[in-house]
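Participant: Following this message is one structure expressed as structure tokens.
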Amino acid sequence: MSRIIVKNIPNGFDEAKIRNHFSTCGIITDVQLKYTPEGKFRNFGFIGYESEEQAAKAITHFNNSFIRTSKISVAPCVALSESKTLKVWSKYAQKKEETAKPAKEQEDTAGTKEKAKAPTAKDVLGQYQNDPKFQEFLSAHKRAGKAVWDNQFQQAAEQAEEKPANSDSAVDVEPSKEVSAQEEGEKKSPKKPMISLFVAKVHNIPLSTKRQDLIRFFKTAKPYSVRIPPKQSGFAYVGFKTESELNKALLMNKSFLGGKQVKIFDFTARSANHAAQAKTDPKQGKQAKWERQKANASSETICESGKLFFRNLAYSVQESDIRTLFEKYGPVAEVDVPIDSNTRKLKGFGTVTFMIPEHAVTAYNELNGTFLQGRMFHILPAKVPSDETINGAGEDDSTDYKKKKEQTKKKTAQSSHNWNTLFMGENAVAEAVAKKYGTTKEQILISSEGETSAAVRLALGETELVLEMESFLKEHGISLDAFNANETKRSNTVILAKNLPPGCTAADLRKLFTPFGLVGRVVLPPSAVTAVIEFLDPSEARKAFKSLAYSMFKSLPLFLEWAPTGTFTSGPSIPPETDENSKPDATSSQTAGKTAEETAVDDSEPEDGTTLFIKNLSFNTNEDAIRERFRCVGAIHMVQVVRSMDLSGTGRNESRGYGFIQFKRRQAADYALKNLQSVQIDGRTVELARSDRTLRTAQEGAERKKSKALKQTGCKILVRNIPFQASAKEVRDLFKPFGDIKSLRLPKKMAASADDTHRGFCFVEYVEESDAKRAFDTLGRSTHLYGRRLVLEWAAPDSDVEELRKRTAQQFNNSSEGASGGKRTASGKGVLKTEEFVSSSYKNSGENDDDDDDGYDE
């Protein structure tokens, strides 16, 4: 536990002194001293530390120590969920142990207590009141000066005795008065009947407001009662006898009281509900606030949304800490921890949304009432707006469709299945290309007979813009490898803004995103079609994403996407003051250029025979030390120190005293083998020998399958996902600018059809391998034809439809033989079925599906 309880604190020791005294053991996040309702210090309190280690250190250090002359005791604090098992001894405790006993046991216990009840002093005096010896004893022990008052009482008693003798009427009157006086003394006066009032709640009243100030303020409405909560400020309750008086008070809404504009609401219904609950369940008012909240929270409410609301966070808590805490119970879709825009600190609350609602129920049951960095962690079911609220109930149904569609897009904007990082809208591409070549948009989109179609022009223009954008992003410290990865995590602070209108500048984007939080870097390529915006806080980035996704920016809808993690090669930084065009200064440009040069990596494959075996290494030598020693020889591809498997569970793999180094060039390996024999590394002389081992980096090992698939096998390219409306001429015009095409085959469907459409894939074969590689590298990035992204793969030199059918048929027959144990011939009807299977598989893999791959589902 990161929270401790300190007992026997001396009086006069306030919160500041407690914080100063206990801060020697760590960072204190919370201090709470306990007082009675009357304000009396109860001599104990709670202290929260940032970590459990600091709390344990404080317990060891301060337990049984002294503050002034008081010996204090320090112990771990018990969570609220575990407090039910503890016995409560304090008279200030709100919960009594008797509530846990059965009714019959309580009656027996009450009867036993009445029988064994000891007589009080009043009972004893009543027994000896008429005893003369006892009266003599009292008179003998009275202090001096009291006899005068006793004589007065005695004379008054004698006069009272003489009155009945002199007046007969007094006999009937005086005893009745005595009896009534006794009854009034013995019986309590009856309570006043409850009056149902019409209650108004007043917000935003000054802190110095008194009860008389509110009575004078509502003088025309004739208030019957006024209540200002003692421990809370800023609001009050005013009761009225009639509804008309309440309506007069409500008309005073937004009036000024003490220089502040107050707000007045009708609180009658809620007040009646509270009174009814208190009447039906009087024990509920005595429960602690967290117990009432836990009783009202049902698992059904959480299961409907899978969203939880948490509060009472320390300022030192980060969003990553919250995500790590909740991910123990299941995958988390979103964590939102807002910060204050002025102080840049946490507001102390947030929400978390689980992918599976059942995980949210588990997290609520196990984490509510626990401690997080020394503070009580309170969790409640989050309130989710209803569909009517989201869709705007009360509006005309005829105009709802467009709004509902926009809201549906906003809901799915953060879904990764809609994302295509390098996607560009056709309109934006046409505008950018027209601006670059000094022509008009109409000339690009309108083509006459015999010319290249508009779809091909847009596809080639998009490809050119993507290449320019990639080179620009790389120059400005953005890693392109993060965009090329197939499966990667998304950043929670960096946003990609796509489909930008023509003429958009970085200053316009900064002006658009700044109202949602502090913006870091804004990178806008010359084409001004896609930009990268960096926020410094995740909660502000999410707020901007939800508000601006699919919104109209100038004349076009704004498409937003979360950038991959590792988009920027350097960490976030507060942006300097920029001019209208947001151009960086010369110093920052030079620094960025140096960084790009220093981080440049030779991606070429190492030559054969470039691996050396290193022997007699020190057990403390790592890969960096070897790389530093041999870096003067030439470019190094990989360094590896062979380590033993960790069987002890300590997480440390010990070096085995040898390793390998692989250079990029054979010449560098020969030079090191000849001139660096017996070189010293970490004080030990090592020996070098040539090795045939091939080393792979971790990234190469993870992408080995992908690299093998992208390896060039010849001059033939397989192009998938071709739109049905594209013709063979358009496909040829798309690939013709990269070199001479030897052949282009666009297979048609086997069954005869009226439209005679193709099957959605083709083979393009170039004359030169260099032309094929240039076309593959250029068009394989993000080229869209008629709104569909083309997928390129290297095909074998002999790959054709018939060849692919034969190879697939052979694989199919081999699998059938292994399953049946017998030998089957690939002839007759079996071959026909096999070819049909191959045709269907090609159809499923090559032909188009229903979903457009265009960045967003339109």
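The values are calculated or read from the model by the stated rules, or taken from the named source; none is laboratory data. Predicted, not measured: the structure shown is a model, and the values here were computed from it. Every residue, glycine as well, gets a Cβ built from its backbone with ideal geometry; the counts of neighbours run over all protein chains shown. Heads up: the accessible areas ignore ligands, DNA and RNA and are worked out on the full protein's heavy atoms, side chains in. Shrake-Rupley method; radii C 1.70, N 1.55, O 1.52, S 1.80 Å.
Participant: What about Lys254, is it touching a residue at least 12 places away in the same chain (Cβ under 8 Å) and either open to solvent by 60 Å² or more (accessible area, probe 1.4 Å) or assigned by the TED database to the domain that holds Pro37 (or both)?
Facilitator: Criteria not met by Lys254.
Participant: Follow-up. Given the criterion touching a Leu at 6+ places or on another chain (Cβ under 9 Å), open to solvent by 40 Å² or more (accessible area, probe 1.4 Å) and of a type outside the set (S, T, N, Q), identify the matching residue among Leu560, Leu509, Leu518.
Facilitator: Leu518
Participant: Quick one: Lys409 ticks every box in (1) at pLDDT below 75; (2) touching a Gly at 6+ places or on another chain (Cβ under 8 Å) except a single one, so which number is it?
Facilitator: For Lys409, the failing item is (2).
Participant: Separate question: Determine the pairs where a residue that is free of Cβ contacts under 8 Å to residues at least 12 places away in the same chain, located within the stretch 200-218, has a partner that is open to solvent by less than 30 Å² (accessible area, probe 1.4 Å) with Cβ atoms under 8 Å apart, the partner being 6 or more residues away or on another chain.
Facilitator: Ile215/Val226
Participant: Considering Thr421, Thr439, Thr463, which residue is at pLDDT 80 or above and in a loop (DSSP other than H, G, I, E, B)?
Facilitator: Exactly one residue qualifies, and that residue is Thr439.
Participant: Go through (1) at pLDDT 65 or above; (2) touching a helix residue (DSSP H, G or I) at 6+ places or on another chain (Cβ under 6 Å); (3) open to solvent by 90 Å² or more (accessible area, probe 1.4 Å) for Ser2 and report which single condition fails.
Facilitator: (3)
Participant: Of the residues Ser555, Ser527, which single one is touching a helix residue (DSSP H, G or I) at 6+ places or on another chain (Cβ under 7 Å) and either β-branched (Val, Ile, Thr) or modelled with pLDDT under 85 (or both)?
Facilitator: One residue alone meets the criteria, Ser527.
Participant: Here's something else I'd like to know. Is the stretch 736-750 home to any residue that is at pLDDT 85 or above, part of a helix (DSSP H, G or I) and open to solvent by 30 Å² or more (accessible area, probe 1.4 Å)?
Facilitator: Checked the stretch 736-750: at least one residue is at pLDDT 85 or above, part of a helix (DSSP H, G or I) and open to solvent by 30 Å² or more (accessible area, probe 1.4 Å).
Participant: Out of all the residues in the stretch 300-320, which are under 11 Å from the mean Cα position of the chain (by Cα) and free of Cβ contacts under 8 Å to residues at least 24 places away in the same chain?
Facilitator: Gln318, Ser320
Participant: Scan the stretch 316-324 and tell me whether some residue there is among the basic types (Lys, Arg), within 23 Å of Leu518 (Cβ to Cβ) and assigned to a loop (DSSP other than H, G, I, E, B).
Facilitator: No, the stretch 316-324 contains no residue that is among the basic types (Lys, Arg), within 23 Å of Leu518 (Cβ to Cβ) and assigned to a loop (DSSP other than H, G, I, E, B).
Participant: Also, I was wondering about something else. List, please: which pairs have Cβ atoms under 7 Å, are six or more places apart or on different chains, and start with a residue in the stretch 227-248 that is open to solvent by 80 Å² or more (accessible area, probe 1.4 Å) and end with one that is part of a strand (DSSP E or B)?
Facilitator: Final answer for the pair search is Arg227/Ala236; Arg227/Tyr237; Glu243/Phe198.
Participant: Which of the residues spanning the stretch 23-32 are on the phi < 0 side of the Ramachandran plot and in contact with a helix residue (DSSP H, G or I) (Cβ under 6 Å, 6 or more places away or on another chain)?
Facilitator: Cys25, Ile28, Val31
Participant: Taking the stretch 757-811 as the search range and keeping residues that are of a type in the set (Ser, Thr, Tyr) and surrounded by 15 or more Cβ atoms within 10 Å (Cβ to Cβ), which one is modelled with the lowest pLDDT?
Facilitator: Result: Ser799.
Participant: Just the residues that are open to solvent by less than 60 Å² (accessible area, probe 1.4 Å) and in a loop (DSSP other than H, G, I, E, B), please, taken from the stretch 196-210.
Facilitator: Within the stretch 196-210, Leu197, Ile205, Pro206, Thr209 qualify.
Matching residues to (1) under 23 Å from Leu473 (Cβ atoms); (2) modelled with pLDDT of 85 or more; (3) assigned to a helix (DSSP H, G or I); (4) open to solvent by less than 50 Å² (accessible area, probe 1.4 Å):
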{"site": "Ile574", "(1), (2), (3), (4)": "yes, no, no, no"}
{"site": "Ile614", "(1), (2), (3), (4)": "no, yes, no, yes"}
{"site": "Ala625", "(1), (2), (3), (4)": "no, yes, yes, yes"}
{"site": "Glu628", "(1), (2), (3), (4)": "no, yes, yes, no"}
{"site": "Val639", "(1), (2), (3), (4)": "no, yes, no, yes"}
{"site": "Asp646", "(1), (2), (3), (4)": "no, no, no, yes"}
{"site": "Gly649", "(1), (2), (3), (4)": "no, no, no, no"}
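Participant: A further question on this structure: In this structure, is Glu358 assigned to a helix (DSSP H, G or I) and either aliphatic (A, V, I, L, M) or modelled with pLDDT of 85 or more (or both)?
Facilitator: Criteria met by Glu358.
Participant: If you go through the stretch 227-250 one residue at a time, how many are within 22 Å of Ser196 (Cβ to Cβ) and assigned to a loop (DSSP other than H, G, I, E, B)?
Facilitator: Number satisfying all stated conditions: 4.
Participant: Turning to a different aspect of this structure: Given the conditions (1) in a loop (DSSP other than H, G, I, E, B); (2) crowded, with 16+ Cβ neighbours inside 10 Å; (3) without any contact (Cβ under 8 Å) to a residue 60 or more places away in the chain, report the number of the one that Thr353 does not fulfil.
Facilitator: All conditions are met except number (1).
Participant: Still on this structure, I have one more. In the stretch 327-364, how many are of a type in the set (Asp, Glu) and out of contact with any helix residue (DSSP H, G or I) (no Cβ under 8 Å at 6 or more places or on another chain)?
Facilitator: Counting residues in the stretch 327-364 that are of a type in the set (Asp, Glu) and out of contact with any helix residue (DSSP H, G or I) (no Cβ under 8 Å at 6 or more places or on another chain) gives 2.
Participant: Which of the following residues is crowded, with 20+ Cβ neighbours inside 10 Å, within 27 Å of Ala726 (Cβ to Cβ) and among the hydroxyl-bearing types (Ser, Thr, Tyr): Thr452, Thr493, Thr439, Thr530?
Facilitator: Unique residue meeting the criteria: Thr530.
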